[in-house]
Structure formats: C-alpha cells, structure tokens
Amino acid sequence: MKIGITCYPTYGGSGVVAAELGMELAARGHDVHFISYAVPIRLNSVNERISYHEVEVAAYPLFDHPPYTLALATKMLEVAEENSLDLLHVHYAIPHSVSALLARMMAGPRRLPFITTLHGTDITLVGSDRSYLPITRFSIEQSDGVTAISNYLRDRTVREFEVRQPIEVIPNFVNCDLYKRTEDRSLRNRWARNGEPILMHLSNFRPVKRITDCIEIFALVREKMAARLIMIGDGPDRGAAEYLVRKKKLSKDVFFLGKQDRVHEILGVGDLFVLPSDSESFGLAALEAMACEVPVIASNVGGIPEVVTHGVDGYLFEPRDVESASKYALEILARSDRGRAMGEMARANARRRYCSNDIIPRYEAFYAKVLNAGAPALAAR
C-alpha cells in the first residue's frame with residue numbers, strides 16, 4: 001500500500017506512534033509518505049520506502065495566524081496525486097482530520113479515503129472545548145475509519161461526542177526487539193557509579209505530566225536510600241522541576257537529559273519508571289519502560305490500567321498522591337532483587353499484548369477494510 005501519514009512532529013505520544021508506525025510499515029514493504037510541517041520525532045530510519053513532505057505555510061499580514069489547516073489539505077492532495085496514495089492516515093483529530101476531509105473532497109472522483117487515529121488530548125482537552133466540539137465530532141464522523149489507542153479513549157469519545165461512527169481500538173505498541181534490557185555498565189556508570197538504583201521519567205514535560213511530582217516522589221525515596229533520577233524530555237514545566245531539584249538539594253542526584261531519540265538505550269538501564277500524570281489515554285512511555293524490563297509506578301487514570309497491572313508489573317496510585325507513590329517505589333527498590341522479577345513480568349506482559357509484530361498487522365487489516373468498503377460509502381456522499 002501507499003500511505004500518507006500526518007501527525008504533530010513534536011515530542012509526544014501521538015508523534016512517536018505515528019513515526020514508528022510509518023517505519024514499521026515501511027519495513028513490511030509499504031510506501032509511507034509523512035506530510036507535516038517538520039520531520040516527526042524519532043523518524044530516524046533511512047529507508048527508500050519512507051518519504052517526507054514539508055507543509056509550508058505562507059505568512060500574510062492579513063492573517064493573525066498562518067492557515068495551516070488549508071496548507072496541509074493542499075499538500076495532502078498534492079502528495080496523493082503525485083504518488084498515487086491509497087489512503088491518508090492522520091493522527092490527532094484536530095486539525096488533521098479536517099485537512100484530510102478537505103483533501104478528500106478536492107480529490108473529486110479519485111478515491112482518497114482517510115483514517116483518523118484518536119490519541120487523547122484531541123478528545124480530552126482540545127475536542128471538548130465548546131468551540132471545537134462540533135468540528136471535532138464532524139471530522140470524526142466523516143472519517144472513512146476511526147481508531148483509538150485504548151478502550152478508555154474510545155468509550156470517552158463515544159460518551160462525550162455522541163459519535164455514531166464505529167471506533168476500533170488498536171493500542172499503542174513497542175518494538176520488542178529494540179526495547180529490551182541492557183546491562184551496559186558504562187552507561188549506568190554515567191549516573192550511578194556506585195550501583196545506586198535508577199528511577200526514570202520520560203515525557204513532554206507539560207503540566208498534565210506532573211513532573212514536579214516526580215521530583216517530590218524521588219525526594220521521599222532519597223530520604224530512605226541512595227538513588228538517582230533520570231528525566232528524559234523537555235517542555236514548559238522543566239524550569240519548575242529544575243528549581244524544585246535545587247530547592248531540595250538534589251542536584252547531584254537528578255539528571256535532565258532533554259529530548260532523546262534513542263530512548264530505548266537509556267530506559268534499558270533503569271530500575272523503576274515513574275509516571276505521575278493527571279491524565280493519560282494510554283501511557284506509551286510506561287509501555288516502553290516495561291518492554292525494557294523496568295517496573296512502573298503510575299497514576300491510576302485513563303488508559304494506564306490497561307497497560308500496567310497493579311501488583312504484577314508495577315503499582316498504581318491516585319493522581320498527586322506522592323506519599324503512596326514513594327512507598328511503592330521503596331517497596332520495589334528495597335527488594336533483594338531490586339524489582340528484577342517484577343521487571344521481567346513487565347516485559348512478558350508487554351510482549352504478550354503490545355509488540356509491534358502483533359499490532360502492525362491490525363493496522364494493515366484496518367487499512368484493507370477501509371479500502372474495500374470505501375467505494376459504496378464514497379458514492380453515497
């Protein structure tokens with residue numbers, strides 16, 4: 001198949017999933033064309049079947065904000081026509097599904113179906129804003145196919161938007177051959193030369209991720225044992241987290257690494273992953289850690305309970321309850337094996353439910369389903 005993929009190229013779950021989906025599809029022999037205003041994060045594979053098409057938005061004095069939605073629709077049609085795309089797959093409903101709808105309409109008699117994958121904040125935050133709700137609902141219902149990354153997100157979308165369009169759950173995934181445990185002592189020694197346990201966090205550092213809670217949790221752990229905290233990512237709350245680290249005199253124990261492309265190499269030396277978010281539609285970072293045999297402590301919100309099984313491969317706590325979180329962290333790290341048995345269970349569960357080798361074929365089957373059913377639906381419009 002020839003597939004056009006559009007996503008936000010920023011450091012977040014939807015961009016990561018879209019990029020890795022494209023790379024996996026290319027590895028399976030499909031031609032993938034990324035259409036966005038920048039190269040998606042983690043799109044680091046050199047493959048003749050992967051192309052990138054930049055959406056350029058002209059700035060006119062008349063507009064307060066560049067008309068990205070219109071520029072994207074035009075680029076989608078251009079790429080589709082020049083490369084004979086079979087379909088468009090857009091990640092994040094707003095504004096990508098609207099642009100795809102316009103591109104499909106402009107294509108006229110030529111079939112250009114599009115699939116929308118819902119990732120979370122397009123529904124829970126952006127879409128639920130009163131001013132965006134009607135267009136979000138409309139673009140979802142006009143999609144030729146809709147997927148959601150978790151049962152939680154599908155159910156919330158149906159409940160809050162009252163959409164009639166069927167939504168198929170295809171969860172996020174991880175390349176289980178790439179994400180795995182590493183015993184690279186030289187890498188561990190960068191941060192824990194004396195064998196201290198390493199706690200980790202990975203996110204876009206937005207307020208919803210509660211990264212200052214990571215610092216609070218680590219501070220409570222640090223009162224009981226020597227430990228190190230690795231913070232991977234960047235975003236608006238980094239300054240607040242760095243200030244809290246200095247305030248609590250933890251600067252020698254906490255390392256801010258910024259944005260990293262090869263996170264699997266870093267996660268693979270961790271002992272515990274911390275995800276104290278206020279909201280998560282899935283929890284991709286937790287899954288990536290689990291695939292690396294790292295147990296997880298995470299907020300009991302959204303789709304996280306579909307990924308982390310309490311007491312088996314990690315622990316769940318109520319959002320903002322840093323006391324409980326720190327107790328769970330200490331309970332894991334104080335074990336004689338420092339949580340290795342729980343980490344092994346985490347990888348086993350990740351492999352059983354979320355490996356890319358199992359999830360990518362589900363996307364391929366969904367594409368085929370949409371393409372096979374598209375002609376009658378298109379004629380009816």
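Quick look at the numbers
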| quantity | calculated |
| --- | --- |
| Enumerated strands (runs of 3 or more DSSP E) restricted to region 1-83, each holding at least 1 residues that are of a type in the set (F, W, Y) and not assigned by TED's automatic domain parsing to the domain that holds G283 | 31-36, 50-54 |
| Index of the failed condition, Y328 passing every other in (1) touching a Phe, Trp or Tyr at 6+ places or on another chain (Cβ under 6 Å); (2) not assigned by TED's automatic domain parsing to the domain that holds M225 | (2) |
| Which listed residue, of A286, A346, A365, A341, is small (G, A, S), under 28 Å from R28 (Cα atoms), without any contact (Cβ under 8 Å) to a residue 24 or more places away in the chain and assigned to a helix (DSSP H, G or I) | A365 |
| Verdict on V322 being in contact (Cβ under 8 Å) with a residue 12 or more places away in the chain, β-branched (V, I, T) and under 22 Å from I149 (Cα atoms) | no |
| Cβ-Cβ under 6 Å pairs, at least 6 apart or on other chains, region 210-226 side touching a residue at least 40 places away in the same chain (Cβ under 8 Å) and at positive phi, far side crowded, with 21+ Cβ neighbours inside 10 Å and not in a helix (DSSP H, G or I) | R210/P276; R210/S277 |
| Selected residue (criterion: farthest from M225 (Cα to Cα)) from residues of region 328-345 that are surrounded by fewer than 18 Cβ atoms within 10 Å (Cβ to Cβ) and not hydrophobic (A, V, I, L, M, F, W, C) | E344 |
| Matching entry among R28, R49, R42 (being within 26 Å of N357 (Cβ to Cβ) and modelled with pLDDT under 85) | R42 |
| Selection status of I149, under 20 Å from the mean Cα position of the chain (by Cα) and touching a residue at least 40 places away in the same chain (Cβ under 8 Å) | yes |
| Considering residues of region 193-207 that are in contact (Cβ under 8 Å) with a residue 24 or more places away in the chain and surrounded by fewer than 19 Cβ atoms within 10 Å (Cβ to Cβ) only, the residue farthest from S277 (Cα to Cα) | N194 |
| Qualifying residues in region 143-154 (those that are part of a helix (DSSP H, G or I) and touching a strand residue (DSSP E or B) at 6+ places or on another chain (Cβ under 9 Å)) - the one farthest from L101 (Cα to Cα) | N151 |
| Qualifying position, being closer than 30 Å to I359 by Cα and surrounded by fewer than 18 Cβ atoms within 10 Å (Cβ to Cβ), among D177, D271 | D177 |
| Failed item in (1) at pLDDT below 95; (2) assigned to a strand (DSSP E or B); (3) of a type in the set (A, V, I, L, M), with L88 passing the rest | (1) |
| Single unsatisfied condition, R338 versus (1) among the basic types (K, R); (2) modelled with pLDDT of 95 or more; (3) in contact with a helix residue (DSSP H, G or I) (Cβ under 8 Å, 6 or more places away or on another chain) | (2) |
| Residue check for V221: in contact with a Leu (Cβ under 7 Å, 6 or more places away or on another chain) and crowded, with 21+ Cβ neighbours inside 10 Å | yes |
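Conditions (1) free of Cβ contacts under 8 Å to residues at least 40 places away in the same chain; (2) closer than 27 Å to P171 by Cα; (3) in contact with a Gly (Cβ under 7 Å, 6 or more places away or on another chain), marked per residue:
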site: M1; (1), (2), (3): no, yes, no
site: P9; (1), (2), (3): yes, yes, yes
site: V17; (1), (2), (3): no, yes, no
site: Y52; (1), (2), (3): yes, yes, no
site: A58; (1), (2), (3): yes, no, no
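The values are calculated or read from the model by the stated rules, or taken from the named source; none is laboratory data. Keep in mind that what you see is a predicted model, and the values were worked out from it rather than measured. Cβ sites come from the backbone with ideal geometry, for glycine too, and all protein chains shown count toward neighbours.
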